[in-house]
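Following: one structure in structure tokens, then a few remarks.
The values are calculated or read from the model by the stated rules, or taken from the named source; none is laboratory data. Note that the structure is a prediction, hence the values are computed from the model and not measured. Here the Cβ positions follow ideal geometry from the backbone for every residue, glycine too, while neighbour counts run over all protein chains shown.
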Amino acid sequence: MVLTHVQELDDAAAASAVVFASRYVQEPLPRYELGEKSISKDAAYQIIHDELLLDSSPRLNLASFVTTWMEPECDRLILEGINKNYADMDEYPVTTELQNRCVNIIARLFNAPVGAGEKAVGVGTVGSSEAIMLAGLAFKRRWQHRRKAAGKPCDRPNIVTGANVQVCWEKFARYFEVELKEVKLREGCYVMDPDEAVAMVDENTICVAAILGSTLTGEFEDVRRLNDLLAARNRRTGWGTPIHVDAASGGFIAPFLYPELEWDFRLPLVKSINVSGHKYGLVYAGVGWVIWRSKEDLPEDLIFHINYLGADQPTFTLNFSKGIDHPTARGPSRSTNSISDMSNSVQGPARSSRSITSSSD
Ligand SMILES: Cc1ncc(COP(=O)(O)O)c(C=O)c1O
């Protein structure tokens, strides 16, 4: 089917239609609407390429934490996978397997209690922001289940964080209708004070979020102290308030530089951790992870089982179609983009989609 009308050029005209001298660049292109006439692909390329020259150079951009250079072999792998749609994982079982391996490697790096033959629970995301949305949803849903089972109201969830949280936590709170209770910073203390955080917890608190690598200063919050204080409070109240660690920046730093520091799943109240693959990992933007301590921490009713592309594909993501380049080129040493879980239900390359793999197979 012909979708566009391409103006015919005879061979001589085509040969002489060097882009900069051609009629294509003599009239300005309409800015906000489709043009009446078609334009040659060489000219279209050149015009867009030239406009993009006005962007600044990513290599000179020191404003964000995202790395801007990858090994040439990674560039090749990315290009080789660029035409695959991650939504259709039955067609790409090897990619799925690579992603599941990434989730497992990261979970073990974060000391998740995963036995030798078990698979970890986690998912690859676009970045830490999507990872935090998913982790936050899991906390909200678990809290709602507990409250409903106890016959208590579940319409006023809140989350306790430091006022230094990254904007994605505010987004989560607003988009998913959770009150954000922020511990104020004070002169000389620019991260969340665990004592104050625990004092703000109440029966409606779905989790306390600690940051490993504050966006503003890079400082690690004291997750160990938070865990101990919260555990004592949970014993008194019976609320069972859990912890999420936002390790967007610190997750691929702490295990290597400070292996003795306890901030991860070694602490019993830490139920989920997010990390950005694209920070500090020589990886281009577009990769994050969320890992859960165990399958009990990811409510089953958040997992969608989609089967219209073939076999059962369990997913817990915010979107459907998605590029596939990350897992192949941006594995955990570099970071990636996948989801693997521990539940029995979803395992093996042929069945596990870009979504969730499970522990016991
Ligand atoms: C602590 C923290 N959390 C979350 C994010 C969001 O991460 P991403 O850009 O990977 O979505 C950032 C980004 O700077 C961050 O510093």
If I filter the stretch 251-262 for residues that are within 13 Å of the ligand (Cβ to nearest atom), touching a residue at least 60 places away in the same chain (Cβ under 8 Å) and more than 17 Å from residue 139 (Cα to Cα), do I get at least one hit? yes
Scan of the stretch 197-229 for residues that are of a type in the set (S, T, N, Q) and within 16 Å of the ligand (Cβ to nearest atom), ordered by number: 214, 215, 217
Go through the residues of the stretch 64-72 one by one and say whether even a single one is within 16 Å of the ligand (Cβ to nearest atom), at pLDDT below 90, touching a Ser or Thr at 6+ places or on another chain (Cβ under 7 Å) and more than 30 Å from residue 25 (Cα to Cα). yes
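Report whether or not residue 83 is loosely packed, with under 15 Cβ neighbours inside 10 Å and among the polar types (S, T, N, Q).
Working: loosely packed, with under 15 Cβ neighbours inside 10 Å: yes; among the polar types (S, T, N, Q): yes.
So residue 83 fits the description; yes.
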Every residue from the stretch 90-142 that is in contact with a strand residue (DSSP E or B) (Cβ under 6 Å, 6 or more places away or on another chain), more than 16 Å from the ligand (Cβ to nearest atom) and either closer than 16 Å to residue 323 by Cα or among the hydroxyl-bearing types (Ser, Thr, Tyr) (or both): 99
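For residue 176, indicate whether it is more than 14 Å from the ligand (Cβ to nearest atom) and touching an Asp or Glu at 6+ places or on another chain (Cβ under 6 Å). Write out each step before concluding.
Working: more than 14 Å from the ligand (Cβ to nearest atom): yes; touching an Asp or Glu at 6+ places or on another chain (Cβ under 6 Å): no.
It is false that residue 176 is more than 14 Å from the ligand (Cβ to nearest atom) and touching an Asp or Glu at 6+ places or on another chain (Cβ under 6 Å).
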Among (1) in a helix (DSSP H, G or I); (2) more than 19 Å from residue 247 (Cβ to Cβ); (3) of a type outside the set (Ser, Thr, Tyr); (4) in contact with a helix residue (DSSP H, G or I) (Cβ under 6 Å, 6 or more places away or on another chain), the one test that residue 145 misses: (4)
Given the condition in a helix (DSSP H, G or I), in the same structural domain as residue 118 (by TED's automatic domain parsing) and away from the ligand (no atom under 16 Å from the Cβ), answer yes or no: does some residue in the stretch 277-296 qualify? yes
